[in-house]
Amino acid sequence: MPLHEVKATHSAYLALREERLGMEEGYRFLDEKRLILAAEILDQLARHERLMAEYQARAAEARAALAGAVARYGLEGLSLYPASPAPPNLGAPTTRSVLGVVLEEVPEAPGETPEDETGPPPPPVDASPEGDAARAAFRALVPLAQRLAVLVGNLERLRREYTRTARRARAMEDVLLPELDEALRTVAAALEEQEREETLRARMPRVGPP
C-alpha cells in the first residue's frame, strides 16, 4: 500500500516504525558495503598504478631496444629475426570474494613454461646483441600486460558493484527513508488528533432527558 494511503491506526504506526527500523539497518549495511568496496578499489588502483609504472618503464626500454635493432637490420631485416618463445606462464589465477565480488589474483613471480611446449627459438642467421635485446625486452612485457589485465577486470567488477550499491543507498537515504519519516509524522499527528477528540468527547457533559 502506498504510504499516503496508510490509515491512521496504532497498528499502522507500529508497522511503519518496524519498517523504518529495518530499512535503516539495510541502509547502514549498504553504507558500510560502499566503504569496503571503495577501500578495495583504492587498493586495486594503487597496485595498478605501480604495475603500470613498471610496464611503462619496461615499454620504454623495449622501444629503445627496438630502435637499436631497426638501426642494425632495418625493418625488413628485423622481421626475419626468429620470434621469441612464449613468455613464462603466470599460472592459473586464484580467486577471492569481497562482498560477493569475485577478484582474481596472479602470482608476482611467473611460473615456468614447459620446454616441450615452446622450445628455444631457432638461431638467427645473423645474430646480434641488438636483436636479442629487442626480443627479450618485448617478451618481458607480456607477463606485465597479463597482470594489468587481471587488475583491470577486478576494477571493472568492483566499479559495477559499487555503482549499484551507491545507487541503492542513495535511494534509501534520499527517497525511501524520508518518505517513511513523513508517513510516521503524519500518522502520529493523526493519532494525537484522534486522542484529543476522544478526550474532549469524554469531558463533554452529557445532556439527557430530565
Worksheet entry | Computed Rg/Rh of segment 141-201, alpha carbon atoms with Kirkwood Rh | 1.61
Discussion item. Let me see the P(r) profile for segment 1-74: every Cα-Cα distance counted, bins of 5 Å, each bin given as a percent of all pairs.
Written reply: 3, 12, 9, 9, 8, 7, 7, 6, 6, 6, 5, 5, 4, 4, 3, 3, 2, 1, 0
Worksheet item: Order of 93-101, 135-143 by packing, highest average Cβ count within 10 Å first?
Response: 135-143, 93-101
Worksheet item: Want the number for Val102 to Leu141: 0.36 nm per residue separation, take away the alpha-carbon distance, what's left?
Response: 11.4 nm
Fill in: Residues with amide H under 5 Å from that of Val98, placed H, sequence gap 5 or more
Leu103
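Values in this text are rule-based calculations from the coordinates and carry no lab data. All of these numbers come straight from a predicted model, not from anything done at the bench. A quick note on method: Cβ atoms are made from the backbone with ideal geometry, for glycine too, and the neighbour counts reach across all protein chains shown.
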